[in-house]
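Below is one structure; the comments refer to it alone.
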Amino acid sequence: MRHEQLSELGQQLRVDSVRSSAAAGSGHPTSSMSAADLMAVLMGNHLRYDFEKPEHPGNDHLIFSKGHASPLLYSLYKAAGALKDEELLTFRKLGSRLEGHPTPELPWVDVATGSLGQGLPYGVGMALAGKRLDHVSSRVWVLCGDSEMAEGSMWEAFEHAGYERLDNLTAIIDVNRLGQRGPTRHQWDLDAYARRIRAFDWHTIEVDGHDIAAIDRAYGEATSTVGRPTAIIARTQKGRGVASVENHEGMHGKPLKDPEEAIAELGGVRNMAVPVLGPPAEQPTRPTSEGPLSLPRFNTGDTVPTRDAFGEALAAVGTARGDVVALDGEVGDSTRLEYFHKEHPERYFEFYIAEQQMVAAAVGMQTRGWTPYACTFSAFLTRAYDFVRMASVSRANLNLIGSHAGVAIGQDGPSQMGLEDLAAMRAVHGSTVLYPCDANQSAQLTATMAELSGIRYLRTSRGGTPVIYPSSERFPIGGSKILRATESDRVTLVAAGVTVHEAIAAADRLAQDGISARVIDLYSLKPVDVEALRTAAEVTGRLITVEDHHPEGGVGDAVQGAFADGHPAPRVVRLAVRTMPVSGTPAEQLNQAGIDAEAITAAARELVGA
């Protein structure tokens, strides 16, 4: 498109941002107006995209990291002919696809944004998939706000993209000077941003974000730069084009007070149609499956850490499925993700100690059809929890593995002990939460995760645990296993992971006292086996839950949730880690926390009045 046409398109995008926000009575029109020229030039002359085939492998990817500028994004879609004007004016209304911040409810949106600092990390994952996995020429464009440049996750992304030399990634930074409550840290000091970004091996271009010709040249320079990602750092004005709001503080997140006057000042309503460039005709090069799934088999009675079984099983899943990729946070030797690396190095990605970028990259890769397994210590996944939360909003399919969970890791102490992870992952919308107690169970659940949808979390353990299930055993999601049961059971012990073995030992001790105890291995914490728990409650009337986790949100809450709809509830005693752990052996830790066989036995005796 000619530059004068692009200038008119920029004004159209501003007008439509004002109109949609006015119709909604809320929104961020001024943040949209600052980036309108940047997006007009991108859409008119550089973005390659088939809006009728959003799944086309040659399509570029456009991410609005500053997701609050959604009026601008939706106005772009209208200009491209993907949306009708009538739908544009449903912005932020109940039932509309045009939500306050973008989500994949629209087929052209890859990932949900709005929690700032996430779009560029997602873009790194997409660019890695395009360059290292799919081997296609599509580009990833990320519109960033200057306020979110204060987020640490952005700098994890800059570091990793530069390290990986992702020349198919371009960050467009809308430096409009004003944040939500006032000026940003560096305001219009473009060189302050450029110096920092260049330090991470990026090519940088500083431009006037309202100079159409300069923007056009900058995009051309970005696409021709080889061996480095590019950051286009654009000086813009918030509320550009309307004197009453342009570069004025206090207008963030507010519709314009007089939209009709603003529209007139911008030159009135326009309905230009943009002839968007089509994507190249290319197909990704995907590895094919090398054979049927052959999971490792472990002998009953042996002692094997569930993390070892996970590592071996994932390597086998990677052999059977060419779409599986593994992402590590520099702990692959401990989590056993290194087994996958040895078998499939081309599908293994190291993110070092950057858990936010690791999870974000996994979300980015799954948008391109890959099945990621992202793995670190369960305690360290909490750093990336906002990315996990937003992955759910993105409708992402994501496998997360948290190893070294609970006090059972022993001498490393509380900084390394994941004791909040089950609660956190159970709280994620649509999640699946699994906690195996032995090697064969761990292997089976690792493979099953690849077939599920949504956010899937597997909790593995550091120390060895006895193998109690044969390799032929199956573990359906939402199920449980009854390990001890008689008609005369007086109490039910509900455990998961390492505490299953403590519960078995406690049941054996209780049997010597003439107290018959039912033992349930609750390996699926979400969804939970409601039927098995209710049956146990009917038979015994007493339940003891025992977990290597804080009492909030873990096994105990999962069990009591089975009785939350008015169903008759049993008497329940909940054993959990209630004090701050210290260093000690695993056995000492379980004893100190009151979750070992001795504590379970004592609680059961008291509960049955013995």
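So here's what we get for this one:
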| quantity | calculated |
| --- | --- |
| Percent of C-alpha pairs per 10 Å bin, the chain, short to long | 3, 17, 24, 20, 16, 12, 6, 2, 0 |
| Segment 38-111 pair-distance distribution - Cα-Cα, 10 Å bins, rounded % | 19, 56, 24, 1 |
| Set of aspartates and glutamates near K93 by C-alpha distance (under 20 Å), chain-local residues within fewer than 8 positions excluded | D16, D85, E105 |
| For segment 3-265, convex hull of alpha carbons as volume per residue, Å³ | 109 |
| Quarter of the Cα convex hull surface for segment 303-466, i.e. its orientation-mean projected area (nm²) | 8.2 |
| Selection from L525, V577, V559, by position along the positive dipole direction of segment 481-607 (Cβ) | V559 |
| Percent antiparallel among DSSP beta bridges (both partners in segment 3-265, rounded to 5) | 5 |
| Binned Cα-Cα distances of segment 168-325, short to long, each 5 Å bin given as a whole percent | 2, 7, 10, 10, 11, 10, 9, 8, 7, 7, 7, 5, 4, 2, 1, 0 |
| R0 of 35 Å, Cβ-Cβ distance R286-E473: FRET efficiency to nearest 0.05 | 0.60 |
| Entries of K342/K481; K66/K257; K78/K238 with Cα pairs more than 32 Å apart | K342/K481 |
| Nearest-ten-degree value, helix 530-540 long axis tilted from longest Cα axis of the chain | 30 |
| Cα Rg over Rh - segment 254-378, Kirkwood | 1.30 |
| Helix-only mean residue ellipticity at 222 nm for the chain, each DSSP H run of n ≥ 4 adding -39500 (n - 2.57), per residue, nearest 500 | -10500 deg cm²/dmol |
| Residue exposure sequence - E588, E547, E148 - by fewest surrounding Cβ within 10 Å | E588, E148, E547 |
| The chain: antiparallel DSSP beta bridges as a percent of all, rounded to 5 | 15 |
| FRET efficiency estimate (nearest 0.05) - Cβ-Cβ, K257 to E8, R0 22 angstrom | 0.30 |
| Nearest 10 degrees, 0 to 90: helix 597-607 Cα axis against the chain principal axis | 80 |
| Theoretical gain in end-to-end length, E55 to Q411 [0.36 nm per residue, Cα-Cα removed] | 123.2 nm |
| Using alpha-carbon coordinates, inclination of helix 152-164 to the longest axis of the chain, degrees | 80 |
| Cβ-based exposure ranking for D134, D208, in which fewest neighbours within 10 Å come first | D208, D134 |
| Difference of contour (0.36 nm per residue) and Cα-Cα distance, E588 to A264 | 109.2 nm |
| Anisotropy class of segment 458-610 from Cα gyration tensor, a/c 1.5 cut | rounded |
| Mean-position separation - Cα centroids, segment 340-411 and segment 1-54, in angstrom | 35 |
| Kirkwood Rh in Å, taken over segment 214-291 so that all alpha-carbon pairs contribute | 17.7 |
| In nm, spacing of pseudo-spin labels at N299 and A273 (7 Å Cα→C-beta vector) | 7.3 |
| Equivalent ellipsoid semi-axes, segment 1-64, via Cα gyration tensor eigenvalues times 5, rooted, Å | 23, 16, 9 |
| Evaluated at q = 0.12, 0.14, 0.16, 0.17 Å⁻¹: base-10 log I(q)/I(0), Debye formula over Cα of segment 1-137 | -0.46, -0.63, -0.82, -0.93 |
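Every number in this text was worked out from the coordinates using simple rules, so none of it is lab data. Please read these numbers as outputs of a predicted model, since none were measured by experiment. Quick reminder, even Gly has a Cβ in these numbers, built from the backbone with ideal geometry, and neighbours come from all protein chains shown.
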